[in-house]
1. Taking the range 195-217, which residues are among the polar types (S, T, N, Q) and out of contact with any strand residue (DSSP E or B) (no Cβ under 7 Å at 6 or more places or on another chain)?
2. Find the residue count for the range 168-206, including only residues that are in a strand (DSSP E or B), open to solvent by 40 Å² or more (accessible area, probe 1.4 Å) and farther than 19 Å from GLY19 by Cβ.
3. Between a residue in the range 93-104 that is on the phi < 0 side of the Ramachandran plot and any residue that is hydrophobic (A, V, I, L, M, F, W, C) and open to solvent by less than 100 Å² (accessible area, probe 1.4 Å), which pairs come within a Cβ distance under 6 Å, given they are 6 or more apart or on different chains?
4. Determine, yes or no, whether SER211 is polar (S, T, N, Q), part of a loop (DSSP other than H, G, I, E, B) and over 25 Å from VAL98 (Cβ atoms).
5. From the list SER80, SER69, which residue is of a type in the set (S, T, N, Q), touching a helix residue (DSSP H, G or I) at 6+ places or on another chain (Cβ under 7 Å), open to solvent by 40 Å² or more (accessible area, probe 1.4 Å) and modelled with pLDDT under 70?
Amino acid sequence: MNIKLELSIVVYGLALFSGVSYLWGFWLNFDINILSYIALTDVIKASVYPALPALGVLAFYSAMDGYNSMSKAQHDTFISEGGFAKGFTYFHKLFCVVCLIFGLGNAIYLVVSNDGYFKLLGLYPLVSICLFIYLVTSNKFLMSISVKYRVFAFMIICFLPTFLFNKGYSNGVQQSDLNAEGQYVIADGFCSSNDEEKYRFVSVIGGKLFSILSSDESLCIRSAENFRLIKYNQTDDDSLNTNKVAEVETAS
């Protein structure tokens, strides 16, 4: 198979899985299968914005690692000199081993201590760490990637889905917190806030508006047409008026 085709399959597959991972994490607290409401394009878009900070940090770290990298001969010479150089190398290896052990232990604990789909909080990092160890110890994969891009490629392949799952989960927890800063939904028909009931805005995806009722935390799903959002629980001076309109969404 052509190497460019193989690379394209890996990239698209990783982007798709990363988007699904973010959505799984975000909607975990809402107990809903969001994949039944969205299209493939929504999955890809879901992974773009949350992944940008991680991609930026990894790209910078990869560039620095490639710049400071050394060949095996240079590494052996560095070790043979002894003294501080040798001690620092052993300390670095020990630190990495401790981090891996701690990560594995924490992942296993999360798998055992959680129920149902919440086991994904531990399964994601567990699979990522095991995959990372496998790729690092496999010379076939390690040597086929340039040293300048090795760290970036390995971290993206192994940890990007896990990062996005955790990012989605934390965003979902914040969005489901009725006491946090947010917006109320005002719309024609059902799922509209009034003096007795408030519908907290959750998300717009797949042409659907998702909101959560403040009284019983039930989820309301309606077409994302002709609605507006009212800020509440805002801490800045410009948001002291809870009737301030935050955003207007319309669809043809």
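The values are calculated or read from the model by the stated rules, or taken from the named source; none is laboratory data. Everything numeric in this text was worked out from a predicted model, so none of it was measured. Glycine also receives a Cβ, built like all others from the backbone with ideal geometry; neighbour counts cover every protein chain displayed. In case anyone asks, the SASA skips ligands and DNA or RNA and just uses the protein heavy atoms, side chains included. Shrake-Rupley method; radii C 1.70, N 1.55, O 1.52, S 1.80 Å.
1. Hit for the range 195-217 is SER215, nothing else.
2. Qualifying residue count, the range 168-206: 3.
3. GLY103/ILE129; LEU104/ILE129
4. When the stated conditions are applied, SER211 does not pass them.
5. On inspection, the qualifying residue turns out to be SER69.
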